[in-house]
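Reviewing the structure listed below.
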Amino acid sequence: MDMERQRFLEAMRRRAYIEAGSDMHLHMHEMSQRALAFTAEINGTYHKPEELRRLFFELIGKEYDETFGLFPPFSTDYGLNITLGKRVFINSGCCFQDQGDISIGDDCLIGQQVVIATLNHDLDPERRGNMFPAPVKIGNKVWIGAHVTILPGVTIGNGAVVGAGAVVTKDVPENAVVAGVPAKIIKTIKE
């Protein structure tokens, strides 16, 4: 890994404030071009599952995993800050904003058109281009329904279910079923 990317990823883990036009911000834009090239290849034509997996794991810079499944199209604006467990399936139309770090545990199902965001902009209009990163962590055996949006800094506990169309603004406990805008616990799964 090159030094600039390593420094950037360390800054994201520290939740460093990103000023518009700074070296970190310019690095994000540079790396987004890399991600766009990969996703254009992933989304631009049919690929057999093993070729699709190879492209995806090259995009995220991780070791190939034959248990992973993806239905394109898929979009991300960094790529290299996504970590996946085993037996993860990502359905079509998902958009991951992974600069702030996205980790997904084993045996997760990610529904169609899910958005996972890891950056917030400064609320001050004079500094609106500046950003705050915050990681999203999804535990094991989580099911994320179609059209869900997960906001920066959220952790979803093992075994949880997020109902279709939910907007997840805060942490979800293990084995909880959440739904709505904003997402609220509607029941707990009994073990």
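The values are calculated or read from the model by the stated rules, or taken from the named source; none is laboratory data. Quick caveat: nothing in here was measured; it's all calculated off a predicted structure. With ideal geometry, Cβ positions are generated from the backbone for all residues, glycine too; neighbour counts draw on all protein chains shown. Ligands, DNA and RNA are stripped out before the accessible areas are found, and what is left, the full protein with its side chains, is counted by its heavy atoms. Shrake-Rupley method; radii C 1.70, N 1.55, O 1.52, S 1.80 Å.
Considering only protein heavy atoms, with the full assembly of protein chains and a 1.4 angstrom probe, order ARG13, ARG127 by accessible area, largest first.
ARG13, ARG127
Where does the charge balance sit around ASP77 when Lys and Arg score +1, Asp and Glu -1, over other residues with C-beta under 11 Å from its C-beta?
0
With every protein chain left in place and a probe of 1.4 Å, what is the accessible surface of SER92, to the nearest 10 Å²?
Around 30 Å² of this residue is reachable by solvent.
Which of the listed residues, PRO182, SER75, PHE89, is farthest toward the dipole's positive end in the chain, when Lys, Arg count +1 and Asp, Glu count -1 at the beta-carbon?
PRO182
In segment 86-167, with Lys and Arg counted as +1 and Asp and Glu as -1 at Cβ, which of these residues, LEU109, MET131, ALA166, has the Cα nearest the positive end of the dipole, that is, farthest along it?
LEU109
Quick one: which residues, 5+ away or cross-chain, put their amide H under 5 Å from the amide H of ILE156? H built at 1.01 Å from N.
Residues meeting the criterion, in which the H sits 1.01 Å from N, are LYS137, ILE138, GLY139, VAL172.
Too long at a 28 Å Cα-Cα cut-off: which of LYS62/LYS141; LYS48/LYS184; LYS62/LYS184; LYS137/LYS184; LYS48/LYS190?
Over 28 Å apart, Cα to Cα: LYS48/LYS184; LYS62/LYS184; LYS48/LYS190.
Give, as a single signed number, the net charge of other residues whose beta carbon lies under 14 Å from the beta carbon of ASP101, with Lys and Arg counted +1 and Asp and Glu -1.
Neighbourhood net charge equals +3.
Expressed as a whole number of Å, what is the distance separating the alpha-carbon centroids of segment 47-85 and segment 138-191?
23 Å
Looking at the square roots a ≥ b ≥ c of the eigenvalues of the Cα gyration tensor of segment 85-191, which shape do they give, rounded for a/c under 1.5, prolate if a/b is larger than b/c, or oblate?
Prolate.
Compute, for the chain, the length of the dipole vector about the Cα centre, with Cβ point charges of +1 (Lys, Arg) and -1 (Asp, Glu) only. Units Debye, rounded to 20.
Rounded to the nearest 20 debye, it is 620 debye.
Through the Karplus equation 6.51 cos²θ - 1.76 cosθ + 1.60, θ set to phi - 60°, convert the phi angles of segment 65-72 into ³J(HN,Hα) values in whole Hz; use x for Gly and Pro.
For segment 65-72, the Karplus curve yields 10, 5, 8, 7, x, 9, 10, x Hz.
Looking only at the chain, where both bridge partners belong to it, what percent of the DSSP beta bridges are antiparallel (to the nearest 5)?
The antiparallel proportion sits near 20 percent.
Would you work out the relative contact order for segment 40-191, in percent, from Cα pairs under 8 angstrom that are 6 or more residues apart?
The normalised contact order for segment 40-191 reaches 13 percent.
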